[in-house]
Amino acid sequence: MDKGKYYLSTAIAYTSGKPHIGNTYEIVLADAICRFKRLNGYDVYFQTGTDEHGIKIQEKAEEAGVSPQEFVDGVAGEIRRIWDIMNTSYDAFVRTTDKRHERQVQKIFKKLYDQGDIYKGRYEGWYCVPDESFFTESQLVDGKCPDCGREVIRASEEAYFFKLSKYADRLMKHIEDNPDFIQPESRKNEMINNFLKPGLQDLCVSRTSFSWGVPVDFDPSHVVYVWIDALSNYITLPGYDVDGDCGEIFNKYWPADVHLIGKDILRFHTIYWPIMLMALGLPLPKKVFGHPWLLVGDGKMRKSRGNVIYADHLVDLFGVDAVRYYLLHEMPFASDGTLTYELLIERINSDLANILGNLVNRTIAMCQKYSGGVLSDRKAHEPIDDELISLCLATPAKVEAKMDELRVADAIDEIFTLLRRANKYIDETMPWVLGKDESRRERLDTVLYNLLETIRFCAELLSPFLPETSEKIFRQLGVSPAGWDSLAAFGALPAGHKVGQAEILFARLDMEKKLEEIAAYNAAHSDEPKKPALPEFEKLPEIVYDDFAKVELTVGKVLVCENVPKSSKLLRFELDMGTERRQVLSGIAKWYKPEDLVGHNVIVVTNLAPRKMMGLESHGMILSATCGEEDVRVMLADHAVPGARLS
């Protein structure tokens, strides 16, 4: 059965740090959708990846004392590790530092510039560093970022701009002509009323205030700003080429069937991205789905609030499929969901242990006990069987209908309705009573067969959501998955087939003991940075202000940094001090490579008497901090200008 192609992408994760469980929800949701589409007969292309450029990355790398590329390599590896831990089946993982992607971004930028859709101007306004977004005065909320509520800084710089307004009417018509383009409906109304109707402002698409980005090849002082760089991943990795030499994957799968994204980046994907595609002459994605957030308790996850929960920690505590189930089943279609340990434990006990696990375990156990694990023909049908069989046959279509609307939680509910009906069927037929009466042997065999076949249906339908659990169920049934077509008829298990051994799928959890275990685990795995063990310093005599005022501290930019020949400790610096160029030697070669500091601003004691070291004269001293027995950090002042005096 081939129902055609299906291309789903997630947003690409920003490589500023380890993703928490709220970030991880999106990849699990995407995986469930794609696994279902494969089961349902579609040829699926599932793409995810990482967004790796921008000033925030550059600053994070500087704080960590590594290059931006080293920093994003580490974080991208961690993101991919988490995605793999969650058993996600992506087909492609894009990184925006991939050279092919970067080259296509440059070509896209140049094409838009050449056709007049991008022009050079100057940006004056407010900028939010964490969100990498510009805002006008009227867009601020209480003087702060309208998206995250954090402080903004005044920005003024030369920039290139993209003419969004040129395509606004065309985009509005597309939204009106394609009512499912933006989902859920509430998100569509938000985009129309808050952005399109008031009128679109041209979009800043380059920066000059930082260097970690894709250079504009015809104007290297600019780097391509995040939106053209990041958004174009959906076409560059599959093989789009501006010059027309597009790859096989792009030609086969574009346009995407679904862009699955968080509701906080809906504007970029439903306004900026479609207009960019219109300007490139490409078809638009069929649907952009802005999923809600997963909240912890009553708030969004943030390290500053101390409420961050990580997916790998939850997996250690509860297992992959228990975490997947909670994420997929407890998130509403259009409103935010809530995660607490108590709710997770309750859901595992009520749904996974009681409804699913108990059904499978006791059915397999009864089959072993009463028939040696061997199935027999259904020779003693009774009317009570019809309701269970009818529900089995109807459930696949119900699940498919919900999944077509991306109502994943509702699709899972349909499967659990069938599981509950099977549990009720056990209570109605009472196999333990039938097993005591040899004259009712054929009826017992029929009841057990109906239960095992129902479990087979559920195992197939659960496979997109709980893949490991589905495999365990099939192993207990002693059969392999047979695919969607096997759900067209009831009775695929052959007479004479021998089932496997009963195993516990999900053990019931004691709430109090589990919460104690969680508290101990979290204490042992806290990501709070541990303070380095500082060496003991001898306290110096107290001084007065006049003593301190004799020290001249000045900002200098590192123009040259190199190792001093025959010295394992010294680095030689040439510094731009604003009004002069100075040579300074510093014994920090153990902690820094010369290239690590070039381009940075350092703080220099400039009125220190010159001294000679290794035959070279040093005119000053670079300030650094002893952070531990084996760690020294240079004090940087990159937001100041060379020659600035500290006071």
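Every number here is computed from the coordinates shown, using simple stated rules; none is lab data. Because the structure is a prediction, the values reported are computed rather than measured. No Cβ is skipped: glycine too gets one built from the backbone with ideal geometry, and neighbour counts run over all protein chains shown.
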*Rounded, prolate or oblate: which fits segment 346-393 when a ≥ b ≥ c are the square roots of the eigenvalues of the alpha-carbon gyration tensor, with rounded for a/c under 1.5 and prolate only if a/b beats b/c?*
oblate
_Rounded to the nearest 20 debye, what is the charge dipole size of segment 87-218 about its Cα centre when +1 sits on each Lys and Arg Cβ and -1 on each Asp and Glu Cβ?_
460
*Estimated vicinal HN-Hα couplings, Hz - segment 474-485 in sequence order (Karplus 6.51, -1.76, 1.60; Gly, Pro = x)*: 4, 5, 5, 6, x, 10, 9, x, 10, x, 4, 4
*asked:* To test your reading of the geometry: what angle, between 0 and 90 degrees and rounded to tens, separates the Cα axis of helix 320-330 from the longest principal axis of the chain?
replied: 90
*asked:* Just to be sure I understand the model, the point goes 7 Å from the Cα along the line to the Cβ. What's the resulting residue 330 to residue 208 distance in nm?
replied: 5.1
*Rounded to the nearest 500, what is the chain's calculated 222 nm mean residue ellipticity when only DSSP H runs of at least 4 contribute -39500 (n - 2.57) each, over all residues?*
-11500 deg cm²/dmol
*asked:* For the ranges 544-552, 234-242, 100-108, what's the packing order if you count other beta-carbon atoms within 10 Å of each residue, average per peptide, and put the highest first?
replied: 234-242, 100-108, 544-552
*Tell me, Kirkwood radius of segment 545-634 from alpha-carbon pair distances, in Å?*
13.5
*Can you list residues whose amide H is under 5 Å from residue 216's amide H, if they're 5+ apart or on another chain and H is modeled 1.01 Å from N?*
222, 223, 224
*Non-local amide H neighbours of residue 497 (under 5 Å, H modeled in plane, Pro and chain starts lacking H): which ones?*
375
*Please determine, in degrees from 0 to 90 and to the nearest 10, the orientation of helix 408-429 with respect to the longest principal axis defined by the Cα atoms of the chain, where the helix direction is its Cα long axis.*
30
*Largest-first principal axis extents of the Cα set of the chain (Å)*: 108, 64, 47
*Pull up all non-local amide H partners of residue 158: gap of 5 or more, or a different chain, and H-to-H distance under 5 Å with H placed in the peptide plane.*
123
*Which translational diffusion coefficient, to the nearest whole µm²/s, is obtained for segment 378-486 from the Stokes-Einstein equation, given a Kirkwood hydrodynamic radius over C-alpha pairs, 37 °C and 0.692 mPa s?*
222
*Taking Cα atoms of segment 1-141, Rg/Rh with Kirkwood Rh, to two decimals?*
1.04
*Which of the peptides 558-564, 4-10, 132-138 is most tightly packed, and how do the rest follow, going by the mean number of other Cβ atoms within 10 Å of each residue?*
4-10, 558-564, 132-138
*asked:* How tilted is helix 21-39 with respect to the longest principal axis of the chain? Cα atoms for both, answer in degrees (0 to 90, nearest 10).
replied: 40
*Theoretical gain in end-to-end length, residue 2 to residue 559 [0.36 nm per residue, Cα-Cα removed]*: 194.3 nm
*Using per-residue counts of other Cβ atoms within 10 Å, averaged over each peptide, order 186-192, 459-465 from highest down.*
459-465, 186-192
*Might you report the magnitude of the Cβ-based charge dipole of the chain about its Cα centre, with Lys and Arg at +1 and Asp and Glu at -1, to the nearest 20 debye?*
500
*How large is ³J(HN,Hα) for each residue in segment 635-646, as worked out from phi by the Karplus curve 6.51 cos²θ - 1.76 cosθ + 1.60 (θ = phi - 60°), to whole Hz, x for Gly and Pro?*
7, 9, 9, 5, 8, 8, 10, x, x, 5, 9, 7
